[in-house]
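> A single structure is presented below for examination.
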Amino acid sequence: MKWVRAAALMTLVTANASAQPTGTLPPVEETPAEPPQTEPPAPPPDASAPASAPQPQPQPVYYPAPRLPPPPPPPPPPRPRSVSITFSPIHLLLPVFEGEVEVRPVDHFGVAALVGYGTVTASDGLGNDYRFHALELGGQLVAYPMHEFDGLQLGAEILYVKVDNSDDPAQDVRGVAEGLALGPMVGYKLLTSSGFTFVAQGGFEYVAYDAQANDSTGNSSSGSDNRLIPLLNLNLGWSF
């Protein structure tokens, strides 16, 4: 019996050894992988529960632009002058004061009146000097093609002149002379913003005059003449 058991045991060992290759490990049984753990799905919302109110979104804030004061209105255009009062400094050398007043009845046109009074001195052929009173009365018509009441002037002048010394008893020779002058002229009036006015005029005049004279001894003489003479006016003054 012992021999049978030993033979059977050897047979099992030999069979087991022949079934496994030499130098290899016995196969390892694979254990099944566990399924991944997943969270249970969230329960559906309860329709009976009140829904939370939506949160208001912040609205952008707009700040109004700063209000600037309105710009000041433009200054009104300067009022055109309507009256010019001037005098002739050249006549003061005689000395005669000659003044002129010019008005603007309509734009680009002026009407002037002038008056002068003073004394003039004349000499005879013997070197004697005689003083005469002088009176001037006249007027001008002036057109202003460029501006309303200043700038280029185109016009004409008429002037009456009288010199007389018949009321001076100290004079040995007494005389009187009268003349009338008329002629065209071209000029320029400079009128500043403050009102200062300068006028320069030039042209020519046709003048006709009569003169009479007598002395203390009863001698008398008379004469008349007409001619063209130059016209020159230089006036200073102010305009309003």
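> Going through the range 210-240 one residue at a time, which ones are open to solvent by 60 Å² or more (accessible area, probe 1.4 Å), of a type in the set (S, T, N, Q) and touching a Gly at 6+ places or on another chain (Cβ under 8 Å)?
Listed by number, the residues that qualify are Q212, N214.
> When you go through P77, P73 one by one, which is the residue that is part of a loop (DSSP other than H, G, I, E, B), at pLDDT 80 or above, open to solvent by 100 Å² or more (accessible area, probe 1.4 Å) and not polar (S, T, N, Q)?
Details: P77 fails: at pLDDT 80 or above.
The conditions single out P73.
> Is it true that L234 is among the hydrophobic types (A, V, I, L, M, F, W, C), in contact (Cβ under 8 Å) with a residue 24 or more places away in the chain and closer than 15 Å to S84 by Cα?
When the stated conditions are applied, L234 passes them.
> Hey, among F97, F87, which residue is modelled with pLDDT of 90 or more, open to solvent by 100 Å² or more (accessible area, probe 1.4 Å) and under 22 Å from V115 (Cα atoms)? Working first, answer last.
Working: F87 fails: open to solvent by 100 Å² or more (accessible area, probe 1.4 Å).
Result: F97 is the single residue among F97, F87 that is modelled with pLDDT of 90 or more, open to solvent by 100 Å² or more (accessible area, probe 1.4 Å) and under 22 Å from V115 (Cα atoms).
> Restricting to the range 100-121, and then to whatever is more than 18 Å from E148 (Cβ to Cβ) and free of Cβ contacts under 8 Å to residues at least 40 places away in the same chain, can you tell me which residue is surrounded by the fewest Cβ atoms within 10 Å (Cβ to Cβ)?
Step one: list which residues in the range 100-121 are more than 18 Å from E148 (Cβ to Cβ), which gives 100, 113-121.
Going one step further and asking which of them are free of Cβ contacts under 8 Å to residues at least 40 places away in the same chain, we end up with 113, 115-119, 121.
On the way: A113: 13, V115: 14, G116: 20, Y117: 14, G118: 16, T119: 13, T121: 10.
Among residues in the range 100-121 that are more than 18 Å from E148 (Cβ to Cβ) and free of Cβ contacts under 8 Å to residues at least 40 places away in the same chain, the one surrounded by the fewest Cβ atoms within 10 Å (Cβ to Cβ) is T121.
> Against the condition over 20 Å from V186 (Cα atoms) and in a strand (DSSP E or B), how does G116 come out, does it pass?
On the way: over 20 Å from V186 (Cα atoms): yes; in a strand (DSSP E or B): yes.
Criteria met by G116.
> So, in the range 123-144, how many residues would count as being exposed (fewer than 15 other Cβ atoms within 10 Å of the Cβ) and either more than 36 Å from the chain's Cα centre (by Cα) or outside any strand (DSSP E or B) (or both)? Step through it out loud before you land on a result.
First, pick out the residues of the range 123-144 that are exposed (fewer than 15 other Cβ atoms within 10 Å of the Cβ): 123-129, 131, 137, 141, 143.
Filter once more, keeping what is either more than 36 Å from the chain's Cα centre (by Cα) or outside any strand (DSSP E or B) (or both): 123-129, 131, 137.
Counting residues in the range 123-144 that are exposed (fewer than 15 other Cβ atoms within 10 Å of the Cβ) and either more than 36 Å from the chain's Cα centre (by Cα) or outside any strand (DSSP E or B) (or both) gives 9.
> Just to be sure, is H147 part of a loop (DSSP other than H, G, I, E, B) and open to solvent by 40 Å² or more (accessible area, probe 1.4 Å)? Quick ask: steps written out before the conclusion?
Numbers: part of a loop (DSSP other than H, G, I, E, B): yes; open to solvent by 40 Å² or more (accessible area, probe 1.4 Å): yes.
In short, yes.
> Ok, one more. Tell me, which residue of the range 187-205 that is touching a strand residue (DSSP E or B) at 6+ places or on another chain (Cβ under 6 Å) and open to solvent by 40 Å² or more (accessible area, probe 1.4 Å) is nearest to G110 (Cα to Cα)?
Residues of the range 187-205 that are touching a strand residue (DSSP E or B) at 6+ places or on another chain (Cβ under 6 Å), as a first pass: 187-191, 195, 197-205.
Among the residues that remain, those that are also open to solvent by 40 Å² or more (accessible area, probe 1.4 Å) are: 188, 190, 198, 204.
Values: Y188: 13, L190: 14, F198: 15, F204: 20 Å.
The selected residue is Y188.
> Kindly provide the set of residues from the range 114-146 that are aromatic (F, W, Y) and at pLDDT 95 or above, ordered by number. Don't jump to the end; show me each part of the working.
In the first step, residues of the range 114-146 are kept if they are aromatic (F, W, Y); the result is 117, 130, 132, 144.
If the condition is that a residue be aromatic (F, W, Y) and at pLDDT 95 or above, then Y117, Y144 are the ones that fit.
The values are calculated or read from the model by the stated rules, or taken from the named source; none is laboratory data. Just so it is clear, the structure is predicted and the values come from calculations on it, not from any experiment. Here Cβ is always computed from backbone atoms with ideal geometry, including for glycine, and neighbour counts include all displayed protein chains. Remember, those area values only see protein heavy atoms, side chains included, never the ligands or the DNA or RNA. Shrake-Rupley method; radii C 1.70, N 1.55, O 1.52, S 1.80 Å.
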